[in-house]
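Comments concern the structure below.
Quick note: the coordinates plus some simple rules give every number you see, no bench work behind them. All of these numbers come straight from a predicted model, not from anything done at the bench. No Cβ is skipped: glycine too gets one built from the backbone with ideal geometry, and neighbour counts run over all protein chains shown.
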Amino acid sequence: MKYLLNISILVLASLALQAQSNFEAFRFMESHSLHQAKLAISQLEDDSLKAISKKQLKLWAVENLQNEVMFKHTHSLVDNSAPWTETRLGVKLKNGDHTSVVSVAQAQRFQQSGNQLDLDHYWEASNSFYFNGNFNLGSNNLFPVWGAGAGIYFTGIKKTELGLGYRYSKFSNTAVQMRIASLTYYPKGMYINVKYFNVKSGNGISHAVMGEARSYLHNGFGYLLLRVAAGTEVDRLANAAGALTSNSIGAGINYRLSPRWSAELTLSAEQQAISENLSRNLTTLNLSLNYHFAK
């Protein structure tokens with residue numbers, strides 16, 4: 001019976017891909033399981049049809065496999081000191097207009113280690129607005145003991161997104177308030193984002209600006225990215241909890257390896273100045289691997 005079912009699927013797939021339009025072929029794959037679609041497509045004999053089928057299968061995956069299991073590792077070389085590392089594991093679950101992200105992280109810096117639990121939720125309220133809420137718990141001074149935040153984003157302007165956000169983070173020796181304003185522009189085949197951070201703590205107010213640009217690859221299954229950042233922020237681990245001037249630049253690539261797997265690799269260089277006579281240089285490698293699964 002299973003053999004006859006596979007033969008039937010193969011015949012239907014062949015007819016759909018040869019006699020119908022690409023859109024109809026795409027709809028055919030939507031109505032079958034990923035395994036069945038892959039099985040039918042792999043048995044087609046025409047090479048040109050195979051190429052079309054694989055592309056349609058990836059498009060199907062991008063649209064339908066929106067849930068993810070996420071792994072990310074960050075490794076930074078810091079002058080002559082021990083490396084800084086952070087490893088994060090999370091899951092993203094999408095249900096209609098709501099998306100939830102839960103992650104746990106473990107970090108090591110300055111011969112200290114810390115852990116964090118992070119909860120994010122996004123709600124697409126309409127075609128023009130979506131909201132974000134965040135809550136986290138942490139240990140040591142590498143992460144906040146606890147923190148919370150919210151954001152509102154307006155997407156009603158063509159190719160443009162405006163955002164406002166607020167976060168409160170309570171560390172063991174200080175509290176930090178962060179106000180965020182963002183502007184995102186989507187020219188053809190690109191993503192350009194600029195964020196302004198206003199950071200307030202017991203030591204005063206500091207400012208930072210971060211920019212990021214992504215250029216999507218021609219086949220639509222990945223992008224090249226470039227990040228730049230400059231500004232002054234609070235250095236929570238300094239003895240005087242003073243200001244930290246930071247300038248960085250980085251580049252990388254994100255690619256959908258298969259319908260179910262994608263990966264991102266970035267390399268960045270950063271110079272941090274704690275005072276006129278004290279600075280450090282960081283070289284950071286970020287590696288992330290995502291597994292996508294169906295709704």
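Taking R0 as 30 Å, what FRET efficiency do you get between Ala82 and Asn198 from their Cβ-Cβ distance, rounded to the nearest 0.05?
Numbers: r = 32 Å, r/R0 = 1.07.
Here the calculated transfer efficiency is 0.40.
Take the Cα of Trp146, step 7 Å along the line toward its Cβ, and report every residue of segment 85-127 whose backbone nitrogen sits under 15 Å from that point.
Within reach of a label on Trp146, which here means backbone N under 15 Å from a point 7 Å along Cα→Cβ, segment 85-127 contributes 117-119.
How much length is gained if the chain between Phe154 and Ala294 is pulled fully straight, taking 0.36 nm per residue apart and subtracting their Cα-Cα distance, in nm to one decimal?
Details: separation 140, 0.36 × 140 = 50.40 nm, distance 2.82 nm.
Here the segment from Phe154 to Ala294 would lengthen by 47.6 nm.
Length gain on complete extension for the stretch Leu93 to Gln112, per 0.36 nm per residue less the alpha carbon to alpha carbon distance? Present the calculation step by step, with values, prior to reporting the outcome.
Numbers: separation 19, 0.36 × 19 = 6.84 nm, distance 3.21 nm.
Separation in residues times 0.36 nm, less the Cα-Cα distance, equals 3.6 nm.
Longer than 25 Å from Cα to Cα, which of Lys72/Lys200; Lys72/Lys94; Lys72/Lys92; Lys58/Lys195 are they? Say none if no pair is.
Checking Cα-Cα distances, Lys72/Lys200; Lys58/Lys195 exceed 25 Å.
Around Arg214, with a cut-off of 15 angstrom between Cβ atoms, what is the net charge of the other residues, counting Lys and Arg +1 and Asp and Glu -1? It would help to have the intermediate numbers written out before the result.
Details: positive: Lys159, Lys188, Lys195, Arg227, Arg256; negative: Glu161, Glu212, Glu264.
Computed value for this residue: +2.
What FRET efficiency do you get for Val228 and Asn173 if R0 is 30 Å and r is their Cβ-Cβ distance, rounded to the nearest 0.05? Can you show the working numbers first?
Numbers: r = 31 Å, r/R0 = 1.03.
The pair Val228/Asn173 has a calculated efficiency of 0.45.
Provide the gained length on full extension for the span Ser258 to His121, in nm with one decimal, where the gain is 0.36 nm per separating residue minus the Cα-Cα distance. Mind showing how you got there, number by number?
Numbers: separation 137, 0.36 × 137 = 49.32 nm, distance 2.69 nm.
Stretched fully, the Ser258-His121 segment lengthens by 46.6 nm.
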